[in-house]
Amino acid sequence: MIDLDEFRALAHRAADLAADHMEGVAKRPVFQPMSPEERRALLELRLPSRGQPLEAALEFARDKILSRPMGNGHPRFFGWVNSPPEPAGVAADLLASALNPSVAGGDHAAVYLERGVVRWLMELVAFPTEGTMGLLTSGGSVASLIGLAAARHKAALADGWNVREEGLQGGRPRLVLYVTDEGHSALRKAAEILGLGSASVRAVATDAGLRMNVAALRAAIAADRAAGLRPFCVAASAGTVNSGAIDPLREIADACAEEALWLHVDGAYGAFGAASPALARLYDGMERADSLALDPHKWLSVPIECGCALVRDAALLRDSFSLVPPYLRTEEGKGFGGLPWFSEYGPQQTRGFRALKLWMTIHSLGRDGIAARVERHVALARRLASRIDEAADFERLADGPLSIVCFRYAPPLLRGKGERLDALNKEVMERVQAGGEAFVSGTMIGGRFALRACVLHDRTTEADVDALVEIARRAGESCAR
């Protein structure tokens, strides 16, 4: 074990490495594929028989790890929904690790900070704060799992049985979850983990804007009831990761209220747009959700991992997960602090101290800073969309309202040649990624392959957005020869 003087020197050196990396990232290629030798060197690391000098470990991290990043720290990284790390959160991670608490519960600062910062998240997205409960998770996937588990538990209780005690093997009507094809795969995975099965996930049609078609939703619910099935939950999206589409949340909430269904909203990427006064109207109805999944490690740039599950009925959520005997349950105002343990509200017992990096990030930005970030990113995406629309050799395939633009290289001579354009744009994507000047990912929109650009970096400029169009054009022209 190193002594504290060694630790102090190590921490200073590590901080310098981190700062040097973040400072110089824009001067390096966005992404570089690893060579076979580099991959093999990491895959085949030999276990040392004796401890090695920590200075050598830092050199290894500098030369072998920091030199081959994913690319998300670069202003021209437009892939997936991966933000750069907020420096305030990076510093907070060190302090949280120095404490290294388990935030399952207890009477220590980390527990109360998580409660407080989760309330901040509720306020940012206009989710009710009275009688509700939230907890930080690894990400939106687990947040959605928690929300759907509570929905399943409530549906069973409403029908007179307890799914926690009896499971799903009792020959009862199949529980049905409604989600569009644009909904995140985490929702389908959650249904499988919860024992519902993929056959219980009903795909609801979307409209021209890739938003859930509420008439189709109502028809699907009616058909399933007529077939003897048990509709229990609608999972809507407040900003899909494909295109940024926001489902018509108010109309969906109305349908859920009329049909006595749980409304879960996947807002992992897009829900923080509600913090912007200019965009808040797009989220009308989200405040009526029974559960909401958020990912501060996306639009807020909190270092990964940091998701959040919000549930309207705190008591129901506790009953969905708690395994503490009644005589040991902590009730409000009793015992040390009188707060029930977080481990009673989700699947984890040992939980990391995620709240400090989230708190420090929001503290450094404030509500106004978060709104300004969102609005700037959306404005850059709209600029990119305009550049695509103005170009004769590109076409835009989706028109989401947030910071995602889906488009493809489509010179006039190839218009209408679907398979050829799909293959061409896959080549374009790979060439752009490997070239190191920018990074885009790919997706399918309406059965067509699209280049997908997501703006999430505070240092991305208008010049970077304009450059992306030219970089993709050069790649397209080269691939089309």
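Note on the stretch 3-21: residues that are in contact (Cβ under 8 Å) with a residue 12 or more places away in the chain and open to solvent by 60 Å² or more (accessible area, probe 1.4 Å) amount to 2. Filtering the stretch 419-447 to residues that are closer than 19 Å to ALA391 by Cα and assigned to a helix (DSSP H, G or I) leaves LEU421, ASP422, LEU424, ASN425, VAL428, MET429, VAL432. Restricting attention to the stretch 164-198, which residues are in a helix (DSSP H, G or I), touching a strand residue (DSSP E or B) at 6+ places or on another chain (Cβ under 9 Å), more than 20 Å from ALA253 (Cβ to Cβ) and among the aliphatic types (A, V, I, L, M)? Matches in the stretch 164-198: ALA186, ALA190, ALA191. Checking each residue in the stretch 271-287 for being in contact with a Pro (Cβ under 9 Å, 6 or more places away or on another chain), open to solvent by less than 10 Å² (accessible area, probe 1.4 Å) and under 16 Å from ARG376 (Cβ atoms) picks out PHE272, GLY273.
Criterion applied to GLU123, GLU130 was being in a loop (DSSP other than H, G, I, E, B), within 28 Å of SER322 (Cα to Cα) and open to solvent by 10 Å² or more (accessible area, probe 1.4 Å), and the one residue passing it is GLU130. Scanning the stretch 49-66 for residues that are open to solvent by 70 Å² or more (accessible area, probe 1.4 Å) and assigned to a loop (DSSP other than H, G, I, E, B) returns SER49, ARG50, GLY51, GLN52, PRO53. The set of residues in the stretch 453-481 that are touching a Lys or Arg at 6+ places or on another chain (Cβ under 8 Å) and in a helix (DSSP H, G or I) comprises GLU462, ASP464, VAL465, ASP466, ALA467, LEU468, VAL469, ALA475, SER478, CYS479. For the stretch 199-232, the tally of residues that are open to solvent by 40 Å² or more (accessible area, probe 1.4 Å) and on the phi > 0 side of the Ramachandran plot stands at 1. Set side by side, the residues ALA208, ALA236, ALA203 differ, and just one is part of a loop (DSSP other than H, G, I, E, B) and within 22 Å of CYS406 (Cβ to Cβ), which is ALA208. Checking ALA434, ALA381, ALA398 one by one, the residue that is over 16 Å from ASP458 (Cβ atoms), in contact (Cβ under 8 Å) with a residue 12 or more places away in the chain, of a type in the set (A, V, I, L, M) and surrounded by 15 or more Cβ atoms within 10 Å (Cβ to Cβ) is ALA398 and no other. In the set (1) more than 22 Å from the chain's Cα centre (by Cα); (2) closer than 24 Å to ALA96 by Cβ; (3) of a type outside the set (A, V, I, L, M); (4) buried (at least 22 other Cβ atoms within 10 Å of the Cβ), the condition left unmet by GLY140 is number (1).
The values are calculated or read from the model by the stated rules, or taken from the named source; none is laboratory data. Remember, it's a predicted structure, so these values are computed and weren't measured experimentally. A quick note on method: Cβ atoms are made from the backbone with ideal geometry, for glycine too, and the neighbour counts reach across all protein chains shown. In case anyone asks, the SASA skips ligands and DNA or RNA and just uses the protein heavy atoms, side chains included. Shrake-Rupley method; radii C 1.70, N 1.55, O 1.52, S 1.80 Å.
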